[in-house]
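Okay, structure first, notes after.
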Amino acid sequence: MGICISSSSSKSQETKDSNENVIFVEGTNGSNEVPRLASLHSQPGSKGSNQDAAILLQSYGMEDGAFCGVFDGHGKNGHIVSKLVRSRLPSLLLSRRNALTTSNDDNYGDGEERLDGELGSSKMFHEWKEACISAFKVMDKELELNEKWDCSCSGTTAVTIIKQGEDVIIANLGDSRAVLGTTTDNGMLVVQLTTDQKPNLPSEADRIKKSNGRIIAPKEEPDIQRVCLPDEDFPGLAMTRAFGDFKLKDFGIIAIPEISYHRLTTGDQFLVLATDGVWDVLSNKQVASLVWFAESEEAAARAVVDAAVAAWKRKYIVVDDCTVVCIFLQERRHQRQPLHKES
């Protein structure tokens, strides 16, 4: 099941938008492979520089592999942190996985058989899970030791997808989100692959409070809960997991991702990763509908961003940064089934 690539990007190995917020790196496709297509788009909000970043790497880990990540920076240096993580995390993950694979290969005796099928996928997932936990930890430590950029009150979310053939590993840190669009007999089903890690989530709030952190709802934003220091209403982080934000790392903010697994099926059509600038104003179903009925795969990400920006302008005075990556898993069909429901 191939990943599709934007034909507009096929002339170069790496493409960036004018603000270098989005990076796409092509892999090498065999002549017999299904054409691959994806679309990426990022647009700054009205608050200043765009603090979002995104990346799509093909042939990652294997020929039919890919790495995709969306990062939403926050704080004074959030625009720097999101790009630092985007540029460094993919190589960290791959080096950690390769080290684990080499170590495990050394443990096989001459008479032992390799795992395949479901057992092989389980082994692969556990290796990638261990690699993710280790790489995220190293990434956070590198930010802490970075002398050029102060990350004490700056950080970034990270929602990443690692595709290895039919196996998909999802690692999430913060409140960016990934969803899957899959077809059923009743139409298109939208499946949320990640959980938004925010202070209103009981398990997350419990960890913050046990670490002596405080959760408040500012008067000017009573519907948004924020994490603060024990003795002052600062810095007011709207998520409970993130890279950076070292002032809050002793008070329950962690850089340990939630990791899950999905085995692709013939019904799976696309994956969407986006920052909360999209999810704050559009539902999973609305986003999936925009992707499913987009004029083309290349136009899908921009269609979602344009709809999110329009929704922000209708509902609020300010507009948040909006970034979307769409990965298509099947060739487009002319006949589109209606959206059925969310899961």
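Bear in mind these aren't lab numbers, they're just calculated from the coordinates by the rules spelled out. Because the structure is a prediction, the values reported are computed rather than measured. In this analysis, Cβ positions are derived from the backbone assuming ideal geometry, glycine residues included, and neighbour counts consider all displayed protein chains.
Measuring r between the beta carbons of Ser49 and Ile224 and using R0 = 25 Å, the FRET efficiency lands at 0.70.
What shape does the stretch 165-320 take by its C-alpha gyration tensor, where a ≥ b ≥ c are the square roots of the eigenvalues and a/c under 1.5 counts as rounded, a/b above b/c as prolate, and the rest as oblate? Oblate shape, in that a/c is at least 1.5 and b/c is the bigger or equal ratio. Listed peptides 39-52, 77-90 appear in the order 77-90, 39-52 once ranked by packing, highest mean of other Cβ atoms within 10 Å at the front.
Spatial offset of the stretch 219-257 relative to the stretch 272-295 amounts to 26 Å, using the alpha carbon center of each. Extension gain for the segment Ser59 to Glu130, taken as residue separation times 0.36 nm less the Cα-Cα distance, is 23.5 nm to one decimal.
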